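For reference, the structure discussed in these notes is given below.
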Amino acid sequence: MKDLTDSLSKLVDKIRGASHIDEETLKEVLKDLQRALLKADVDVKLVYELTKSIEEEYRKEEPPSGISSKDYLLYLIYNKLISIMGGETEAKVELTKRPYVILLVGTEGSGKTTSAGKMAYWFSRKGYRVGLIETDTVRPGAHDQLRQLAEKLNIPFHVDPNSKDAVDIALKGLEKMRKEKVDLIIIDTAGRHRNEEELMKEIKEIYNAVTPDEVVLVIDSTMGKQAAAQAEAFNRNVPINSIFLTKMDSTSRGGGALASVVRTGAKIKFVGSGEYLEDVELFNAKKFVQRLLG
Ligand code: GDP
């Protein structure tokens, strides 16, 4: 099956390649856009609303002087996608209370632990005192990885390699971090269990025990369509408030991320673009859509 990004860049090529946008081309382009988004599992209602509003805006007014009908149509498509992804302004990141607690969830390999370190780095650079907690009792090496990240950043952390009780580790960690008087506590969770049900059960238990201020879902941008299904599965169990999109240094253009945003209603806040702690930036919807459309 074609990826969303392939279909969208073909669509852009079609618009660019047309001599001008006549009625037939307009209909075709809107149909292609619908098809591409539906194939990427974007909600049907949203797809129709989106293409309808592009069509209405296109028909309402002549393109601004000096702008061709092709560029105008492209501009309208860009703008609509940007508004879905969070608009023109940079993602907002605020710690509305102290300590602010973030619960990080996502499947194994998505880059969760690395992203916990990246967020800790980002907030530390802003002058906040950050603490890290590792509750993954399944993946071998998760504790060591988190410990190394925390030591590199010289920040407090809590791990317990001898415990299999993720909720207990989280609560002990919170207690320790409160004593450390940190501004932000980031709790990393397991990304795999015996089965999905077990994983979701554990995450829900941690969520209920720690009542975090924000749940951040980590999504691997190379995952494509599967990402949206995963996002939905997590969102059914705990309310996803925002997204950390990883591996944007890959060739992937993030079609799965668009579908995940639509499915969960959560906005992307951070983007990871490499294996190092410093490879993190705030999400920029404009940049994302430019890349998505190629
Ligand atoms: P977890 O199982 O979700 O905790 O995943 P890890 O944090 O262990 O990351 C899995 C792999 O992805 C590791 O090899 C990381 O170095 C790598 N990784 C994480 N984030 C990024 C990223 O933004 N870009 C690249 N290229 N690799 C990443």
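The values are calculated or read from the model by the stated rules, or taken from the named source; none is laboratory data. All figures in this text were calculated on a predicted structure; none of them were measured in a lab. Neighbour counts are summed over all protein chains in view; Cβ atoms, including those assigned to glycine, are modelled from backbone coordinates with ideal geometry.
Exactly one of these conditions fails for T251: (1) at pLDDT 90 or above; (2) within 16 Å of the ligand (Cβ to nearest atom); (3) outside any helix (DSSP H, G or I). Give me its number.
Among (1) at pLDDT 90 or above; (2) within 16 Å of the ligand (Cβ to nearest atom); (3) outside any helix (DSSP H, G or I), T251 violates only (1).
Out of everything in region 232-260 that is within 9 Å of the chain's Cα centre (by Cα) and surrounded by 24 or more Cβ atoms within 10 Å (Cβ to Cβ), what residue ends up being nearest to S110 (Cα to Cα)?
The selected residue is T246.
Filter region 102-122 down to residues that are more than 10 Å from the ligand (Cβ to nearest atom) and either modelled with pLDDT under 95 or surrounded by fewer than 22 Cβ atoms within 10 Å (Cβ to Cβ) (or both), then give me how many there are.
2
Given the condition within 30 Å of L38 (Cα to Cα), at pLDDT 95 or above and either within 16 Å of the ligand (Cβ to nearest atom) or within 22 Å of the chain's Cα centre (by Cα) (or both), answer yes or no: does some residue in region 177-199 qualify?
yes
Quick check on this structure: which one of L46, L33, L73 is modelled with pLDDT under 90, assigned to a helix (DSSP H, G or I) and either hydroxyl-bearing (S, T, Y) or closer than 23 Å to G255 by Cβ (or both)?
L46
Does at least one position in region 214-231 carry a residue that is modelled with pLDDT under 90, surrounded by fewer than 21 Cβ atoms within 10 Å (Cβ to Cβ), more than 16 Å from the ligand (Cβ to nearest atom) and not in a loop (DSSP other than H, G, I, E, B)?
yes
Please work out which residue is surrounded by the most Cβ atoms within 10 Å (Cβ to Cβ), limiting yourself to region 143-201 and to residues that are in a loop (DSSP other than H, G, I, E, B) and among the β-branched types (V, I, T).
The extreme case among them is T189.
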